[in-house]
Amino acid sequence: MAKTFSTMLPLGVLAPDFYLPDVVSGRTISLSDFASEKALLVIFLSRHCPYVQHIKFELAKLGQDYIQNTDRNLGIVAISANDITTHPDDAPESLKAFAQELDLAYPLLFDETQKTAKNFFAACTPDFFLFDATRRLVYRGQLDDSRPQSEIPVTGKDLRAAIETVLRGRAVTWEQKPSIGCNIKWKPGNEPAYYQNPALAFA
């Protein structure tokens, strides 16, 4: 079921740190690994979700355009946090196959404890968080207007506009539409306050 949440990580906050394994290389990746980049895009995704499947080639193209083109100075990292007991397609080996299928140019990390997802107030897959050079959150909106069966082409226009604005050192000033997708599959008893009751998220 597609969900959005009114409570999100506030704009202007510093990027939460993380220490998570890359499903392809096995190497632990942290926020500090992107210290030299002018901006950082964090993507929460899952393999099973039809919303992610719908945009997966655009997710790969973001890496081709901004990572393989090394003068763009954008770091990208993807994170999957779903409970793999209920959704085995989101287990590390399956995610590794997904990353290799798409030839992702950026790491795909597995958040087994779901702590990182909670720190980001991630709600759904896909969910996008763009941080500027000071690692303050400047965009946490949708990729574009396309949805499964919408017949709207996947272009990434909203996210790409935000990326280009930040890389030019400018502020993202327009209204941000929240991402829509499958809710993150929390482990039983591990659901965060903002999932159970968005009004309590910052209580």
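The values are calculated or read from the model by the stated rules, or taken from the named source; none is laboratory data. The model shown is predicted, which means the values in this text are computed figures rather than measured ones. Methodologically, a virtual Cβ is constructed for each residue, glycine included, from the backbone with ideal geometry; neighbour enumeration extends over all protein chains shown. When the accessible area is computed, the model is the full protein with side chains, heavy atoms only, and any ligands, DNA or RNA have been set aside. Shrake-Rupley method; radii C 1.70, N 1.55, O 1.52, S 1.80 Å.
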Quiz item: When the residues of region 146-158 are filtered to those that are open to solvent by less than 70 Å² (accessible area, probe 1.4 Å) and without any contact (Cβ under 8 Å) to a residue 24 or more places away in the chain, which remaining residue is nearest to the chain's Cα centre (by Cα)?
Solution: 158
Self-check item: Residues located in region 93-113, provided they are assigned to a loop (DSSP other than H, G, I, E, B) and hydroxyl-bearing (Ser, Thr, Tyr)
Solution: 106, 113
Quiz item: Just a yes or no: is a residue in region 100-114 crowded, with 21+ Cβ neighbours inside 10 Å, in contact with a Phe, Trp or Tyr (Cβ under 7 Å, 6 or more places away or on another chain) and of a type in the set (Ser, Thr, Tyr)?
Solution: no
Quiz prompt | Filter pass, residue 133 being more than 15 Å from residue 23 (Cα to Cα), aliphatic (A, V, I, L, M) and not in a helix (DSSP H, G or I) | solution = yes
Quiz item: Does region 121-134 contain at least one residue that is on the phi > 0 side of the Ramachandran plot, small (Gly, Ala, Ser) and at pLDDT 95 or above?
Solution: no
Quiz item: Considering only region 70-92, how many residues are within 16 Å of residue 40 (Cβ to Cβ) and touching a residue at least 60 places away in the same chain (Cβ under 8 Å)?
Solution: 4
Quiz item: When the residues of region 69-92 are filtered to those that are in a loop (DSSP other than H, G, I, E, B) and within 19 Å of residue 166 (Cβ to Cβ), which remaining residue is modelled with the lowest pLDDT?
Solution: 69
Self-check item: Qualifying residue in region 181-198 (condition: closer than 21 Å to residue 61 by Cβ, in contact (Cβ under 8 Å) with a residue 40 or more places away in the chain and outside any helix (DSSP H, G or I))
Solution: yes
Exercise. Within region 16-39, work out how many residues are hydroxyl-bearing (Ser, Thr, Tyr), closer than 22 Å to residue 100 by Cα and either open to solvent by 50 Å² or more (accessible area, probe 1.4 Å) or not in a strand (DSSP E or B) (or both).
Key: 3
Quiz item: Out of (1) in contact (Cβ under 8 Å) with a residue 40 or more places away in the chain; (2) of a type in the set (A, V, I, L, M); (3) open to solvent by less than 50 Å² (accessible area, probe 1.4 Å), the odd one out for residue 67 is which?
Solution: (1)
